Amino acid sequence: MPQGSEVGRRREEMCALRDGTRLRTVLLSPPGDGPWPALLLRHPYNVENDEREGLIDVARLVAAGYLVALQDVRGRFGSEGVFDPCVQELDDGADAVAWLAGLPECDGTVGMWGSSYASDTQFSALLGGATALRAIAATVTPSMSALDGFRFRGGVPELGSSLAWTHYAIAPNWISRIGEPSARDDEERRWRATEDAISTGAAFRPGWPGAAEVEGAVAWGLGMLRAELDSDLHRIGKVVDRIDEIDVPVLLVGGWFDVFLGATLELYRRLHRRAQRGEGPAPHLIVGPWSHSNMSGVIGGVDFGAAAAASELWGDGSLTELHVRWFDAALRDAEPEGPAVHVFVMGANRWVALDEFPPAGGESVELFFEPGGGLTAAPPSAGERRLRSDPFDPVPTVGGAVLLFGSYDAGPFDQRAIEGRADVLSWRTEPLDSELTVLGGVQAVVHLATTGTDADVVVRLCDEYPDGRSVVIADGIQRGSAREVDDVTGAGPRRALAPGRDEEFVIDLWSTAHTFLPGHRVRVDLAPSSSPRWQVGTNVFDPEGSGAGAVPAEYRIGHGRPRPSRIILQTVSQKRPILVPLSTY
């Protein structure tokens, strides 16, 4: 446990659920008898770790006068039962909150905090009917939808992050709980076979795993990736269209290079719109130059400065201190501090405070693709460029908003190693005469014809430095057959592409906050794949996701009228007061 903070007592209890299953819960209480408001963390990763090295200093929460509860979810580590990801968390979360609120040392009010799965458990508890839950602090959360970075992106399965989670984070404890030795040995053999497939790259080739056996956790994850986009399986534990049930104050913390950035921002936008109508509390938002697991401020080889770290923030205390102030305001009626939104502007490398994100008064800037590789403010004359999409030689993933394994780190990595490939096309502006700040949405519109019956389009927004480095800032993907599918609900048809026919692809690169400095260039890369991040497309309409029949295909990218491929950036002027650095507030 972090030193220097006062904890009166530590004890372990078993929280009994409605079906009799008991969950291990570590209770940390301040000195004295209470009662105190309680803060609850629930996840499947062994909560003992959070006593020593969690993102939030739990000892500091206790010292601030909170009863802190750390709980292993059902079927994990010290808790009883069988782990059923997401499905179990609505009833279990509601029961856990009610149990905690009913303890003699609790005053009946509960807040929840946590990142990733531990953010999902917060919203699940609320949607499950946890009436004592009065505030949420969710970091890098996928809770809005399973279809926008969690299991899919643009209709393409998030194969890499699914394997990273199920095989590495979930399977080991899952396997260790198998009681019968021969069954456990068989499952360990299947785990090793999956590990071999990941290390050799076989797991990312079309058609894997085929008839091969995989361990139970991975089989579950692959089953989710094969489910229809509008399946109820993707709604379980997600907010989706239940935004009106989120009736407590919500703090959202995200990262520009987090795989769940899109879901975090969409949840913020919907809560913000509802608050503007007077129908709920206003959400608060913090987004830093962070990934899913790196909030140090040094990422992808770029050092954004000491104030970019979650341990420092904007010189006003750590993320832990911000949580203390958040829960003091939400649970103890303390006066809320400062503006509702804080975002870190990369390039300029400073925090700014805003009333909302994106800020009002921004301007959409369109930059058009030229056949010769230029990126200009005016549509060029008609033309086209071509590339070959080969499922058996996919473009490697290099950085970006990823959640992978091994050497596949997230962040603003240099793209030059892959930009030289024949299947990667690039467009760039002339060197900029003045700063260009993107503060909001990034979207690409690509006119494409293919010789196949489906196509994937990956687009990256990059900052090209005067020395030639090409650093990824934002990225996205869209599968042609899923262009009409809603990224939140999954509603809408999937249709095959007609070979040779021009189709308009709209690729959502989510959002960013980045200043392109004078002398730099805005660069856009386009590719047919990014592996192992996303499932490699087969160029064949394959709604069942079998991976069978993969064939190479040729893409033709249209330019100029009537097929103006372009990127659309939401920008602000450096002269506007919304970009005054945070230190002046």
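Key figures for this structure:
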{"read-out": "Residue selected from the range 375-415 under the condition within 14 Å of F204 (Cβ to Cβ) and among the hydroxyl-bearing types (S, T, Y), by the criterion least open to solvent (accessible area, probe 1.4 Å)", "value": "T397"}
{"read-out": "Enumerated helices (runs of 4 or more DSSP H) restricted to the range 66-176, each holding at least 3 residues that are open to solvent by less than 10 Å² (accessible area, probe 1.4 Å) and either without any contact (Cβ under 8 Å) to a residue 60 or more places away in the chain or closer than 18 Å to T25 by Cα (or both)", "value": "89-101, 117-127"}
{"read-out": "Some residue of the range 265-284 being of a type in the set (S, T, N, Q) and in contact (Cβ under 8 Å) with a residue 12 or more places away in the chain", "value": "no"}
{"read-out": "Residues of the range 406-422 that turn out to be more than 17 Å from A527 (Cβ to Cβ), modelled with pLDDT of 95 or more and part of a loop (DSSP other than H, G, I, E, B), as a count", "value": "3"}
{"read-out": "Condition met for A449 (among the aliphatic types (A, V, I, L, M) and assigned to a loop (DSSP other than H, G, I, E, B))", "value": "no"}
{"read-out": "Residues that are open to solvent by less than 50 Å² (accessible area, probe 1.4 Å) and in a helix (DSSP H, G or I), drawn from the range 194-218", "value": "T194, A197, I198, A202, A203, F204, G216, A217, V218"}
{"read-out": "In the range 237-255, the residues that are outside any loop (DSSP other than H, G, I, E, B) and either open to solvent by 10 Å² or more (accessible area, probe 1.4 Å) or free of Cβ contacts under 8 Å to residues at least 60 places away in the same chain (or both)", "value": "I243, D244, E245"}
{"read-out": "Contacts under 9 angstrom Cβ, first residue in the range 15-34 being modelled with pLDDT of 95 or more, partner of a type in the set (F, W, Y) and open to solvent by 50 Å² or more (accessible area, probe 1.4 Å), 6 or more apart", "value": "C15/W99; A16/W99; L17/W99; L23/W99; R24/F77; T25/W99"}
{"read-out": "Subset of the range 525-549 [open to solvent by 20 Å² or more (accessible area, probe 1.4 Å), touching a residue at least 40 places away in the same chain (Cβ under 8 Å) and not hydroxyl-bearing (S, T, Y)]", "value": "Q535, V540, F541, D542, P543, E544, G545, A548"}
{"read-out": "Single residue of the range 471-497 satisfying the filter (outside any strand (DSSP E or B) and open to solvent by less than 30 Å² (accessible area, probe 1.4 Å)) that is nearest to E419 (Cα to Cα)", "value": "G480"}
{"read-out": "Which numbered condition S573 misses (of (1) open to solvent by 10 Å² or more (accessible area, probe 1.4 Å); (2) modelled with pLDDT of 95 or more; (3) more than 26 Å from L229 (Cβ to Cβ); (4) among the small types (G, A, S))", "value": "(2)"}
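The values are calculated or read from the model by the stated rules, or taken from the named source; none is laboratory data. Fair warning: this is a prediction, and the values are worked out from it, not measured in the lab. Reconstructed Cβ throughout: ideal geometry from the backbone, glycine too, with neighbour counts over all protein chains shown. Just so you know, the surface numbers come from the protein's heavy atoms only, side chains and all, with ligands and any DNA or RNA stripped out. Shrake-Rupley method; radii C 1.70, N 1.55, O 1.52, S 1.80 Å.
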